[in-house]
Amino acid sequence: MKSTNTRNNDEVKKLIATTMATALFASAAFAQVSTDSVQIVGITKSPFGMSFNTEKGDQYVIESTLDFDKWNTVETLDGTGQTVKFVELREIYYPQQYYRVRL
């Protein structure tokens, strides 16, 4: 029997492989919606963060929402052709928040 962490990691990998994915991780969540593909290669719990592969010259906009209706820009990162890590440094006031990476 797989541990809860291993099972959760396997589930996250399966969700990220689809065009539209939502990966719940503790009290933070990540949602990916794009016609282009962004490969998430790591997620951290505390503080919430995610690492993803980038293409040099592309811009990646990290957005967050509470309700999937209004998205707020958290940070814009430039693609380097390498893996980039985003870490949520803002104070978290809500028990659950959703994130996405937009090209």
### Message
7 Å from Cα along Cα→Cβ at both Arg102 and Ser46: what's the point-to-point distance in nm?
### Response
3.1
### Message
Whole-Hz ³J(HN,Hα) for each residue in segment 89-103, computed from phi via Karplus 6.51 cos²θ - 1.76 cosθ + 1.60 with θ = phi - 60°, x for glycine and proline: what do you get?
### Response
9, 6, 5, 9, 9, 10, x, 8, 9, 10, 10, 8, 10, 10, 7
### Query
Which whole-Hz ³J(HN,Hα) couplings does segment 51-61 yield from phi under the Karplus relation 6.51 cos²θ - 1.76 cosθ + 1.60, θ = phi - 60°, glycine and proline marked x?
10, 8, 6, 10, 10, 4, x, 7, 10, 10, 9
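What does the charge count around Gln96 come to, taking other residues whose C-beta lies under 14 Å from its C-beta (Lys +1, Arg +1, Asp -1, Glu -1)? Working shown, then result.
Numbers: positive: Lys45; negative: Asp67, Glu88.
Here the charged neighbours net out to -1.
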### Label point distance in nm, Glu55-Asp67, each placed 7 Å from Cα along Cα→Cβ
3.5
### Simple spin-label estimate for Val74 and Ser37 in nanometres, 7 Å along Cα-Cβ
2.4
### Amide proton proximity set for Val74, modelled H, under 5 Å, gap of 5+
Ile62, Glu63, Ser64
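A short reminder: the numbers here are calculations on the coordinates, not readings from a lab. Worth saying up front: this structure is predicted, and the values here are computed from it rather than measured. Neighbour counts run over all protein chains shown; Cβ positions are idealised from the backbone, glycine included.
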